[in-house]
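Have a look at the structure below, then the notes.
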Amino acid sequence: MSDKINVLIVDDIPETRENVRKLLQFEPDVKVIGHAGTGEEAISMAKEMRPDVVLMDINMPDADGIMASQTITTTVPEAQVIIMSVQSEADYIRRAMLAGARDFLMKPFSGDELIEAVRNVHETRPTA
């Protein structure tokens, strides 16, 4: 991998965004390019920043993670979405995948789980 994997972190809880950033900060091939606290903010930032991977919380104010993921995967097709949630019900996972998410991380997750998911979705992304 020559270029870094650009990641956008989306969660309505600032501490969670910071914790995820800390898990990624020492990875030489990953760069956090932004943080968003709402679905609408995530959509706007994804359109502007064109991240490789979007780490998206499922439960958020305004546009929830499912709606935001659907919009991002449609308008920024190169962005691979990973849903993060404390909910592990099959319906949540199914809705996330239908919205275009490429992976689903159950909170709390380890740094290893996070890094593996980010690298896997980036490596398996469709190329034009």
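Per-structure values
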quantity	calculated
Most to least packed among 21-29, 64-72 [average Cβ atoms within 10 Å]	64-72, 21-29
Most to least accessible of Glu48, Glu113 (protein chains only, probe 1.4 Å)	Glu48, Glu113
Percent carbon-and-sulfur accessible area, the chain, ignoring ligands, DNA and RNA, probe 1.4 Å	50
Pairwise label distance in nanometres, Thr75 with Lys4, each label 7 Å out on the Cα-Cβ vector	2.5
Accessible surface, per residue, of segment 1-125 when the full set of protein chains is kept, probe 1.4 Å, Å²	49
Full-stretch length increase - Asn120, Asn59 - with 0.36 nm per residue and alpha-carbon distance subtracted	19.6 nm
Full-extension gain in nm, Ser88 to Asp112, via 0.36 nm per residue minus C-alpha separation	6.7 nm
Equivalent ellipsoid dimensions for the chain as semi-axes, Å, which come from the Cα gyration tensor, largest first	19, 16, 15
Computed FRET value (nearest 0.05) for Lys47 with Arg21, which takes r as the C-beta separation and R₀ as 22 Å	0.55
Residue with peak Gaussian network fluctuation, the chain [Cα springs, cutoff 10 Å], from Ile82, Ile13, Ile93	Ile13
For segment 13-49 versus segment 55-128, the gap between their alpha-carbon centres in whole angstrom	13
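The values are calculated or read from the model by the stated rules, or taken from the named source; none is laboratory data. Nothing here was measured: the structure is a model prediction, and the numbers come from that model. Glycine gets a Cβ as well: all are built from the backbone with ideal geometry, and neighbour counts include every protein chain shown. These area figures cover heavy atoms from the full protein model, side chains too; ligands, DNA and RNA do not enter into them. Shrake-Rupley method; radii C 1.70, N 1.55, O 1.52, S 1.80 Å.
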